[in-house]
Amino acid sequence: MTPLITVKNMEARAGKKVLLSIPHFEIQEGEVLGIMGPNGAGKSTFIKALSLLEQPAQGAIILKDKDITNDLTIEIRRKFAVAMQQPLLLDTNVFQNVAIGLKLRKLPRQEIKNKVSHWLEKFQISHLAKKQALHLSGGEAQRVNLARAMVLEPEVLFLDEPFSALDFPTKVQLLKDIKSIIQQTKTTTVFVSHDLMELKYLADKLAILMDGELKQSGPTEEVLSSPNPSAAPFINEWKSLLS
């Protein structure tokens, strides 16, 4: 089976410093990949490179069988959607925030209305449609952020610690909802987190990134129960914090 995304000899640098060095990595269609590692490991750099927000210094990103590393066309960019830790909502109402990507794509007005209404309902925020986005709670704002990403029907959804600023009950409910939505839509998802609970719940596959290098990847439970020598110190430290 051809992977959806293949990374070959990727390097990202800041000046002479190598931030990321990934010789080879594959993401399969429909899988939920979790990426975990200490601060400064290169997690956000990796997700920005994969989603074409930043170009790597060298290497290739292959989408199915097409090299898209330097392909910054709208057609390719529209295959991806990114939801960050901070929602960065526009100073308008919730409906308009979710609709913005569709408006930029010049979809017919009725189609925009139907799609936005659908995703507001999926994320249980239909009642907030006319509310100013800047007056939302943290959990509400993140639901709007995720709805704005999913309304674009991306081939790949990139999540960069979207739950980290939320209180525990809000986080748990949103995790349940996003897991259900990802499963229903079969959306390939790359999920950066520093929270083992989130990763165990959401990710089928887990990659451990340390010092800009992938130390281990595989099924989530397998990586957590049988870490290799290079990943073990980090994983075991996390386990001790949770015990």
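Within the stretch 101-114, the set of residues being over 14 Å from Ala129 (Cβ atoms), part of a helix (DSSP H, G or I) and aliphatic (A, V, I, L, M) comprises Leu102, Leu104.
Being touching a residue at least 12 places away in the same chain (Cβ under 8 Å) and within 17 Å of Ile178 (Cβ to Cβ), is that true of even one residue in the stretch 91-108? Yes, the stretch 91-108 contains a residue that is touching a residue at least 12 places away in the same chain (Cβ under 8 Å) and within 17 Å of Ile178 (Cβ to Cβ).
Of all residues in the stretch 58-75, count the ones that are assigned to a loop (DSSP other than H, G, I, E, B), more than 13 Å from Glu155 (Cβ to Cβ) and free of Cβ contacts under 8 Å to residues at least 60 places away in the same chain.
5
Counting only strands (runs of 3 or more DSSP E) that fall entirely inside the stretch 132-219 and contain at least 2 residues that are under 14 Å from the mean Cα position of the chain (by Cα) and surrounded by 15 or more Cβ atoms within 10 Å (Cβ to Cβ), the qualifying elements are 156-160, 188-192, 205-210. Among the residues of the stretch 164-173, those identified as modelled with pLDDT of 90 or more and either closer than 18 Å to Gly34 by Cα or of a type in the set (Val, Ile, Thr) (or both) are Thr170, Lys171, Val172.
For the stretch 1-57, please list each of the strands (runs of 3 or more DSSP E) lying entirely inside it that holds at least 3 residues being farther than 17 Å from Pro219 by Cβ. Working first, answer last.
On the way: elements: 5-14, 17-27, 32-36.
In the stretch 1-57, the matching strands (runs of 3 or more DSSP E) lie at 5-14, 17-27.
The values are calculated or read from the model by the stated rules, or taken from the named source; none is laboratory data. Since the structure is predicted, the reported quantities are computational estimates derived from the model, not experimental observations. We place every Cβ from the backbone using ideal geometry, glycine too, and count neighbours over all the protein chains shown.
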